[in-house]
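What follows is calculated from the coordinates using simple rules that are stated; it is not laboratory data. These figures come from a predicted structure and were not determined experimentally. Every residue, glycine among them, receives a Cβ derived from its backbone with ideal geometry; neighbour counts consider all protein chains shown.
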Amino acid sequence: MQRLNGKETAHQIRKELQEKVSTRKEMGKKTPHLAAVLVGSDGGSLSYVTAKVKACEEIGFDSTLIRFDSDVSEDTLLNQVTKLNDDPNIDGFIVQLPLPKHINETKVTDTISPNKDVDGFHPMNLGNMMLNLPGFLPATPAGIIELMRRYKIETSGKHCVIIGRSNIVGTPLSMMLSRNTNPGNCTVTLAHSRTKNLKELCLQADILIAAIGKPDFVTSEMVKDGAVIIDVGTTRVEDTSRERGWRLVGDVNFKEVAPKSSFITPVPGGVGPMTIASLMINTLKAMELNGK
Ligand code: GUN
């Protein structure tokens, strides 16, 4: 069993980006600038956004965090998105999801300029991804693929079972892994809450990816010997033994599953840091694409 160390890989990617940015700065070129919009004060969202801002600082990107109370109106939020679209100093921005129920997430995502949509959530970018045309790839799937690429994991011809069909992870990842690219060329099964015989399906997986947000959902009897395991889950569960009162738990029961796997991502320190690294890659790309 080998751990897929997302923390270390993301650190390496940040170092590579830092070098690119400092070369650009020496040439008198613009510093990439990422903005993040956060609505409300959900602990998980706040820590993700804080980590994104911190990654910018480490690499040498400029960053701006824009916060709204959870009762902000949809109009105010849409106006903010339009302002960011029009601001030549901002190269890319994200609106952290989920948004409060009174705000239409689709409307917000659709309002983001596709050229600044570094999360890759806009229909134009998702469409380009489907057609294998240039655009921004969603950060978590792109991070998983980059992790596989750097660890030279063989994907061609493999059966990949993805549990979870979210717009952010499962659905785009199913397309990206089935494309004729490397990593890619998988035969993908996208499983979800209505899937029958999930255990039997998972047992057929050469690569098993869990993205459902259910702590310890994948157990050892669902895993084939030698499978590659990717855990996208990050649920906060109460832990009074820790000062902060919680710990992050993945969708995979790591203790049980790790000995059966060939490669496995830990939680934390697996997929999470790779998502942030992908966002940084997309931000630099946004600036270059926009000719700056
Ligand atoms: N919520 C969970 N993951 C993400 C992400 O990658 N981007 C944004 N904007 N919101 C998220």
- Does segment 146-292 come out rounded, prolate or oblate, given a ≥ b ≥ c as the square roots of the eigenvalues of its C-alpha gyration tensor, rounded meaning a/c under 1.5 and, failing that, prolate meaning a/b above b/c? oblate
- Message: Take TRP246 and THR82, extend 7 Å from each Cα along the Cα→Cβ direction, and tell me the distance between the two endpoints in nm.
- Response: 3.5
- Helix 6-26 sits at what angle to the longest principal axis of the chain, using alpha carbons and giving 0 to 90 degrees rounded to 10? 30
- Query: Where the centre of each part is set by its Cα atoms, how far does segment 166-214 sit from segment 233-278, in angstrom?
  - Reply: 19
- Message: Helix-only estimate, please: 222 nm mean residue ellipticity of the chain, summing -39500 (n - 2.57) across DSSP H runs of length 4 or more and dividing by its residues, to the nearest 500.
- Response: -12000 deg cm²/dmol
- On a 0 to 90° scale, report how tilted helix 139-150 is relative to the longest principal axis of the chain, with both axes built from alpha carbons and the result rounded to the nearest 10. 60
- Electrostatic dipole magnitude of segment 31-90 [Cβ: Lys, Arg +1; Asp, Glu -1; Cα centre; debye, to 20]: 200
- Task: In a Gaussian network model over the chain where Cα atoms closer than 10 Å are linked, find which of LEU248, LEU38, LEU17 has the largest mean-square fluctuation.
- Result: LEU248
- Item | Loop GluC sites (Glu not before Pro), segment 194-292, which have at most 10 other Cβ atoms in a 10 Å radius of their Cβ (DSSP) | GLU243
- Fully extended contour minus Cα-Cα distance, from VAL237 to GLN204, at 0.36 nm per residue: 8.9 nm
- Task: Positive end of the charge dipole of the chain (Lys, Arg +1 and Asp, Glu -1 on Cβ, about the Cα centre): tell me which of PRO88, ALA210, THR240 has its Cα farthest that way.
- Result: ALA210
- Message: Classify segment 165-214 from the C-alpha gyration tensor, please: rounded if a/c falls under 1.5, else prolate or oblate depending on whether a/b exceeds b/c.
- Response: oblate
- ASP110 to THR50: extension gain in nm, 0.36 nm per residue of separation minus the Cα-Cα distance? 19.2 nm
- Task: For segment 31-60 and segment 115-146, compute the distance between their C-alpha centroids and round to whole Å.
- Result: 19
- To the nearest 0.05, the calculated FRET efficiency linking ASN132 and ASP69 through their beta-carbon distance, R0 being 35 Å, is 0.30
- Query: With θ set to phi - 60° and the Karplus curve 6.51 cos²θ - 1.76 cosθ + 1.60, what are the ³J(HN,Hα) couplings of segment 112-120 in order, to the nearest whole Hz, using x for Gly and Pro?
  - Reply: 5, 4, x, 6, 10, 7, 6, 7, x
- Query: Can you put ARG24, ARG194, ARG247 in order, fewest other beta carbons within 10 Å first?
  - Reply: ARG194, ARG247, ARG24
- Task: Compute the Cα gyration tensor for the chain, then decide on rounded, prolate or oblate, letting a ≥ b ≥ c be the square roots of its eigenvalues: rounded whenever a/c is under 1.5, prolate when a/b is larger than b/c in the other cases, and oblate in all that remain.
- Result: prolate
- Quote to one decimal, in nm, the extra length available between LYS101 and GLU154 on full extension: 0.36 nm per residue of separation minus the C-alpha distance between them. 15.0 nm
- Message: With angles folded into 0 to 90 degrees, how steeply does helix 271-289 sit against the dominant principal axis of the chain? Use alpha carbons for both and round to 10.
- Response: 40
